[in-house]
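One structure is given here, and the rest of the page talks about it.
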Amino acid sequence: MTIKLLAKDDRPREKFLQKGKSSLSDSELLAIIMGSGSREESALELARKILSSVNNSWHQLSLLSSKELMKFKGIGEVKALSIIAALEIGKRRAVQEIPEKPVISNSKDVYFILKNQLSDLRTEEFWAMFLNQSNKVIHVSQLTQGGISQSVVDVRVLFKTALDHFSTGIIIAHNHPSGSLKPSKEDMGITQKIKEAGKTLSIQLLDHVIVTHDTYFSFSDEGLL
């Protein structure tokens, strides 16, 4: 059955116009993004199948690559990229809702700011937050991709950025795609290296936070700094 044959109230686009965006189910939203289905399935049926394959989780859907999405009959490159782009827009919107210069008072604040950047990645990324004397975030930047064990964190670049922004404190963070919160030997090593380097420049390492999908680990909270 195609969407054209469905009762008018069951057509995602018509339902959107008549009842508003909040009335739509996840599968109806995805159907609108895709625009059409296949010869055998409507866009709505295909959307339900795709979401069902990821346990109806937008987070899990965001982990799928274009090649993985294209394994579903009716999903070509254009539709796959449309889905990925829509999810990326949602991710960026969440980041923009963060206050311009938030004040960091605890590790939970760090997690709130960085979780949208780090929690749903398949590979490790290393980020840094630069703070002023009032613990306001004045700059956030990505330093490496590929994990601490695969790509060397250049401590010189980290502290050059800190000096460029007149930062007095640094918080470093990276993600563990595996979901493990246990710091690795490399995690411990780079933490101590940055901490010692900061002493020379009077720039304090305030925390190192490991981010997973739904939680985090704080070196500061655990007394490891």
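The values are calculated or read from the model by the stated rules, or taken from the named source; none is laboratory data. All values derive from a computational prediction rather than experimental measurement. Reconstructed Cβ throughout: ideal geometry from the backbone, glycine too, with neighbour counts over all protein chains shown. Surface areas here come from the heavy atoms of the whole protein model, side chains and all, with no ligands, DNA or RNA. Shrake-Rupley method; radii C 1.70, N 1.55, O 1.52, S 1.80 Å.
Taking the Cα centre of segment 107-218 as reference, the dipole from Cβ charges on Lys and Arg (+1) and Asp and Glu (-1) amounts to some 220 debye. Taken over segment 25-118, lysine pairs spaced eight or more positions apart, or on distinct chains, with alpha carbons under 18 Å apart number 8.
Using a 1.4 Å probe over the heavy atoms of the protein chains, calculate the carbon and sulfur portion of the accessible area of the chain as a whole percent. Intermediate values should be presented prior to the final figure.
Values: 6560 of 12810 Å².
Heavy-atom surface of the chain belonging to carbon and sulfur, 1.4 Å probe: 51 percent.
Assign one of three labels to segment 3-95, namely rounded, prolate or oblate, based on the Cα gyration tensor with a ≥ b ≥ c the square roots of its eigenvalues; rounded applies when a/c is under 1.5, prolate when it is not and a/b is larger than b/c, and oblate otherwise.
Values: a/c = 1.91, a/b = 1.21, b/c = 1.59.
The shape class here is oblate.
In terms of solvent-accessible area of protein heavy atoms at a 1.4 angstrom probe, what is the ranking of Arg39, Arg11, Arg93, Arg48, highest value first? Walk me through the numbers before you get to the answer.
On the way: Arg39 235, Arg11 60, Arg93 150, Arg48 125 Å².
Descending order: Arg39, Arg93, Arg48, Arg11.
Quick one, can you get me the convex hull of the C-alpha atoms of segment 114-225 expressed as volume per residue in Å³? Don't skip to the answer; put the middle values down first.
Values: hull volume 10.6 nm³, N = 112.
Given the Cα convex hull of segment 114-225, per-residue volume reads 94 Å³.
Shape class of segment 71-132 from the alpha-carbon gyration tensor: prolate, with a/c at 1.5 or above and a/b greater than b/c.
Charging the Cβ of each Asp and Glu at -1 and of each Lys and Arg at +1, and nothing else, the dipole of segment 172-211 about its Cα centre rounds to 80 debye. With a sphere of radius 13 Å drawn around the Cβ of Phe159, what net charge do the other residues whose Cβ falls strictly inside it have (Lys, Arg +1; Asp, Glu -1)? Taking every other residue near Phe159 into account, the sum is +2.
Of the residues Leu81, Leu118, Thr212, the one whose Cα sits farthest toward the positive end of the charge dipole of the chain, with +1 on the Cβ of Lys and Arg and -1 on the Cβ of Asp and Glu, is Leu81.
Projecting the Cα atoms of Ser105, Gln145, Ala173 onto the charge dipole of the chain, computed from C-beta unit charges around the Cα centre, puts Gln145 farthest toward the positive end. Given a 1.4 Å probe and the protein chains as shown, Arg92 ends up with an accessible area of around 140 Å².
Estimated at the nearest 10 Å², the accessible area of Glu88 is 70 Å² with a 1.4 Å probe.
Order Tyr216, Tyr111, most accessible first, counting only protein heavy atoms with a 1.4 angstrom probe.
Numbers: Tyr216 60, Tyr111 25 Å².
Correct descending sequence by accessible area is Tyr216, Tyr111.
Heavy atoms of the protein chains alone define the surface here; on that basis the chain has 57 Å² accessible area per residue at 1.4 Å probe size.
Converting phi to 3J(HN,Hα) with the Karplus coefficients 6.51, -1.76 and 1.60 and the offset θ = phi - 60°, segment 136-142 yields 8, 6, 10, 6, 9, 8, 8 Hz in sequence order, with x at every glycine or proline.
Considering only protein heavy atoms, with the full assembly of protein chains and a 1.4 angstrom probe, order Trp58, Trp127 by accessible area, largest first. Could the numbers behind the result be given before it?
On the way: Trp58 80, Trp127 35 Å².
Ranking Trp58, Trp127 by accessible area, largest first, yields Trp58, Trp127.
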